[in-house]
Amino acid sequence: MTTALSKDAIVAVVGAGAMGAGIAQVAAVAGHRVLLLDNRPQAAQLAIEGLRAQLDKLAVKGKITAQAALSAGQRLQAATQLGDLAPAALVVEAIVENLQAKQTLFADLEALVTADCLFASNTSSISITAIGSALKQPQRLAGLHFFNPAPIMALVEVVSGLATAPAVADLLYATANAWGKTAVHAKSTPGFIVNRVARPYYAEALRLRTEGATDCATLDAVMRESGGFRMGPFELMDMIGLDVNFAVTRSVWNAFFNDPRFLPSLIQQELVDAGYLGRKNGRGFFDYREGAEKPQPQTEPRHVALARSVVCGDTPAAQALAARLQAGAVAFERAASTDGRIAEADDAVLYVTDGRSATQRAAESGIANTVLIDLALDYHQATRTALAGAGQCSEPAVHAACALLQAGGIQVSRLADVPGLAVMRTVAMLANEAADAVYQGVCTARAADDAMRLGVNYPAGPLAWADRVGLANIQGVLAHLNATYGEDRYRISPLIQRQVFQGKNIHG
């Protein structure tokens, strides 16, 4: 087992911005003497003063002891020139996202430091292989991608370029874990793990908005209250900055030679072109200017009580609905399910979406009053679901379906009849992208799940979630999306297909 970098080893951080300062704090708290360098006059010293104040606040809050805060602050030292970093055992670069700037920095460092000094780049998007190509010893370089804010976020991606020595990646992995982080190994491919696998979270929401499924506030509410995501995709893009999110999407799309799976959205491009960049300048998908009214999700009004309520089968959705109705003292019958239906409400027949539109499903089954509901992270806890009725479905039947769900304490947001609804198609695509990353050797299945839980706070790892839903069900959703759109965007990962053929989950 590889040991971590000794606490006696000096760590240098180049770049005293938010990320560089955060990494310096992490290393200092872990016990290392840290040299912080920035090419802006006094920037490093000012950053250290800010870090010491932050450490004092943590001590006041009881997060660390007063002595630990004092000691960590004393281990931080501002460097004034590149030559000051000569005694470092590890140099972490956190400068501007520019390939040439990073190559120049590491080439200059190589002439100053010892032969066994390790180099790490905090880049989130630039190829480690490309950065290392400027070095005489590219094997000493790896990616050490922290997430913002570095002292708080648990994940670190340890990224190996083509020339990275396995021992270097292993040492950085052990060091990141010793610093209190959860490290994951990744291969240097576009987006690494998180920025690649996360693309469908934004892309499917933007596709749904393009198709007029509903408004942004409603889609956000469904993803939070049914999917269990901490933030909806539109509010998250506004927080990140639409220009930043759009640039990452374009970068990944271009790096994959315009693979349609990563196709950028014209809606997002229009907003960026208009200067609507999100929270940072007051307007994005939502209006943050003073006095602007916060949009509320569209929620179905309370519908009248039902003459007939039946819960069918024993799927997770059916079991949860029965439990919720029982808890609310709502009378209902139980029946078997031969076609996947989870309930009947007067003339309505309810199913969980399988990636087909309700209209297609009604046409193929001959059940005109077909109503679909969305996937939920936990049907027992979900407070909202998306719902769509078939084009053939009568309005009273849709209202009856709403009434049944409302009786179980679930708010209903009615969407246009889009295939896969919101949560289901998004989770299927997240799992598909994660599966492809595993299939292509970018990372392990466990690393993919850990990265998405810890790097972007997903409520579950996408592959573990797919296993829970049923990998064959995820494959079916993707197949139906692919058939509906006829786009390579929805092609199914060979790993998912192989596991389904074997009757196995991703995680065995």
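Bear in mind that the values in this text are calculations on the coordinates, not laboratory data. Since the structure is predicted, the reported quantities are computational estimates derived from the model, not experimental observations. Note that each Cβ is placed from the backbone with ideal geometry, even for glycine, and that neighbours are counted across all protein chains shown.
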Discussion item. Run the helix sum for the chain: -39,500 (n - 2.57) per DSSP H stretch of 4+ residues, divided by residue count, reported at 222 nm to the nearest 500 deg cm²/dmol.
Written reply: -13000 deg cm²/dmol
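Using the number of other C-beta atoms within 10 angstrom as an exposure proxy, rank 303, 32 with the fewest first.
On the way: 303 19, 32 26.
Going from least to most buried by this count: 303, 32.
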Worksheet item: When the dipole is taken about the Cα centre of the stretch 11-188, and only Lys, Arg (+1) and Asp, Glu (-1) are charged at their Cβ, what size is it in debye, to the nearest 20?
Response: 380 debye
Discussion item. Neighbour counts of other C-beta atoms within 10 Å: give me 379, 201 arranged from fewest to most.
Written reply: 379, 201
Worksheet item: For the chain, what is the percent of antiparallel DSSP beta bridges, rounded to the nearest 5?
Response: 30 percent
Worksheet item: Which angle from 0 to 90°, rounded to the nearest 10, does the C-alpha axis of helix 99-110 make with the longest principal axis of the chain?
Response: 40 degrees
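With contacts defined as alpha carbon pairs under 8 Å and 6 or more residues apart, what's the relative contact order of the stretch 27-115 in percent? Mind dumping the intermediate values first?
Details: 79 pairs, mean separation 28.0, N = 89.
Relative contact order, the stretch 27-115: 31 percent.
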Practice prompt. Please state the charge dipole magnitude for the stretch 196-281, taken about the Cα centre, from unit charges on C-beta atoms (+1 on K and R, -1 on D and E), reported in debye and rounded to the nearest 20.
Written response: 320 debye
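Give the shape of the stretch 304-409 as rounded, prolate or oblate, defined through the alpha-carbon gyration tensor: a ≥ b ≥ c are the square roots of its eigenvalues, a/c under 1.5 means rounded, and otherwise the shape is prolate if a/b is larger than b/c and oblate if not.
Details: a/c = 1.56, a/b = 1.35, b/c = 1.15.
Judged from the Cα gyration tensor, the stretch 304-409 comes out prolate (a/c at least 1.5, a/b above b/c).
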Discussion item. Quick check: from the Cα gyration tensor, does the chain come out rounded (a/c under 1.5), prolate or oblate?
Written reply: prolate
Worksheet item: Once Lys and Arg get +1 and Asp and Glu get -1 on their Cβ, which of 255, 16, 69 lies farthest toward the positive end of the dipole of the chain?
Response: 69
Discussion item. Please state the shape class of the stretch 205-322: rounded when a/c is under 1.5, otherwise prolate if a/b exceeds b/c and oblate if not, all from the C-alpha gyration tensor.
Written reply: oblate
Practice prompt. Using θ = phi - 60° and the Karplus relation 6.51 cos²θ - 1.76 cosθ + 1.60, list the HN-Hα couplings for the stretch 184-198 in order, rounded to whole Hz, with x at every Gly or Pro.
Written response: 10, 7, 9, 8, 6, 10, x, x, 6, 9, 5, 5, 7, 5, 6
Worksheet item: What percentages, rounded to whole numbers, describe P(r) for the stretch 236-280 computed over all alpha carbon pairs with 10 Å bin width beginning at zero?
Response: 32, 50, 18, 0
Worksheet item: So what J values fall out for the stretch 339-348 if you push phi through Karplus, 6.51 cos²θ - 1.76 cosθ + 1.60 with θ = phi - 60°, rounded to Hz, Gly and Pro as x?
Response: 10, x, 4, 9, 6, 10, 10, 6, 8, 7
Practice prompt. Would you compute, for the Cα atoms of the stretch 11-188, the largest minus smallest coordinate along each principal axis and list the three values in descending order, in whole Å?
Written response: 46, 33, 25
Worksheet item: Check residue 343: other-chain or 5+ apart residues with amide H under 5 Å from its amide H, H built from backbone geometry?
Response: 312, 350
Discussion item. With θ taken as phi - 60° and the coefficients 6.51, -1.76 and 1.60, list the Karplus ³J(HN,Hα) couplings across the stretch 138-148 in order, rounded to whole Hz; mark glycine and proline as x.
Written reply: x, 5, 7, 9, 9, x, 9, 8, 7, 10, 8
Worksheet item: Among the trypsin sites (Lys or Arg not before Pro) within the stretch 1-87, which fall in a DSSP loop and have no more than 14 other Cβ atoms within 10 Å of their own Cβ?
Response: 7, 61, 63
Practice prompt. Check the chain and count each lysine pair with an alpha-carbon distance under 22 angstrom, considering only pairs eight or more places apart or from different chains.
Written response: 9
Fill in: Euclidean distance of C-alpha centroids, the stretch 25-98 and the stretch 6-20, integer Å
7 Å
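Checking a compactness column here: for the stretch 1-43, what do you get for Rg(Cα) / (2.2 N^0.38 Å), N being the number of residues? Don't jump to the answer; show the numbers that get you there.
On the way: Rg = 11.5 Å, N = 43, 2.2 N^0.38 = 9.2 Å.
Here the answer is 1.26, to two decimals.
Relative contact order (percent) for the chain, with alpha-carbon contacts under 8 angstrom and 6 or more residues of separation? Display every interim value, and only then the final one.
Details: 1036 pairs, mean separation 60.3, N = 508.
Once normalised by length, the contact order is 12 percent.
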Worksheet item: Hey, fewest Cβ within 10 Å first, where do 487, 93 land in order?
Response: 487, 93
